[in-house]
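The values are calculated or read from the model by the stated rules, or taken from the named source; none is laboratory data. Keep in mind it's a predicted model, so treat the numbers as computed, not measured. When we count neighbours, we look across all protein chains shown, and the Cβ atoms used for this are built from the backbone with ideal geometry, even at glycine.
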Amino acid sequence: MKYTFDCDRWGSSFSVPSKVVDKYIKLSDGDFVKVLLCILCSTERECDSAKLAEKSGLSENTVIDAVTHWVSLGVITTEHSDTTNPAQVKAVSTPVSEPETKAEPVSKVEAVAPKRQSVSNKLCIRYKNSEILEKQQKDPNLAHLFDEIQTVLQRTINGTVQGELLALY
């Protein structure tokens with residue numbers, strides 16, 4: 001199936017760096033992409049987190065997490081006007097070059113033979129996606145745990161991983 005975009009129908013438009021789609025779209029949560037689109041669409045050079053939260057319909061904490069995500073990937077830069085108040089984070093939508101990656105020293109570890117009573121031999125509880133969602137809605141700490149893990153991993157975790165985390169939780 002072919003898709004077309006009718007520019008005349010929608011009016012003004014803005015650019016999205018191709019690296020965002022080519023390299024980072026798989027790593028990024030939908031809310032984070034929403035925040036980036038709001039930043040890129042802004043007519044102002046600087047956007048603060050309160051305005052971004054209002055524009056995107058997300059909480060200010062989610063906006064700050066999204067800005068942190070995009071800064072860590074080198075897509076945007078930030079200016080901290082007040083370091084004691086994270087709500088004052090200013091996002092500047094100037095794409096920067098690829099973030100430098102430093103080579104970490106590699107250490108060798110000998111493999112350990114698994115014991116009979118290893119975790120893989122134990123019974124695993126399987127959850128349906130609807131059960132996981134229900135438990136997230138009932139327990140905000142669980143929802144926060146999933147959000148934090150996705151932020152650290154810089155990718156969305158699937159239902160299987162969520163079920164394993166739920167079992168551990």
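Taking the condition charged (D, E, K, R), surrounded by 14 or more Cβ atoms within 10 Å (Cβ to Cβ) and more than 15 Å from the chain's Cα centre (by Cα), does Lys34 pass?
Numbers: charged (D, E, K, R): yes; surrounded by 14 or more Cβ atoms within 10 Å (Cβ to Cβ): yes; more than 15 Å from the chain's Cα centre (by Cα): no.
The answer is no for Lys34.
Of Leu133, Leu58, Leu73, which residue is more than 24 Å from Leu37 (Cα to Cα) and at pLDDT 60 or above?
Going through Leu133, Leu58, Leu73 in turn, just one is more than 24 Å from Leu37 (Cα to Cα) and at pLDDT 60 or above: Leu133.
Among the numbered criteria (1) in contact (Cβ under 8 Å) with a residue 12 or more places away in the chain; (2) farther than 18 Å from Thr77 by Cα, which single criterion is violated by Val35?
Result: Val35 passes all but (2).
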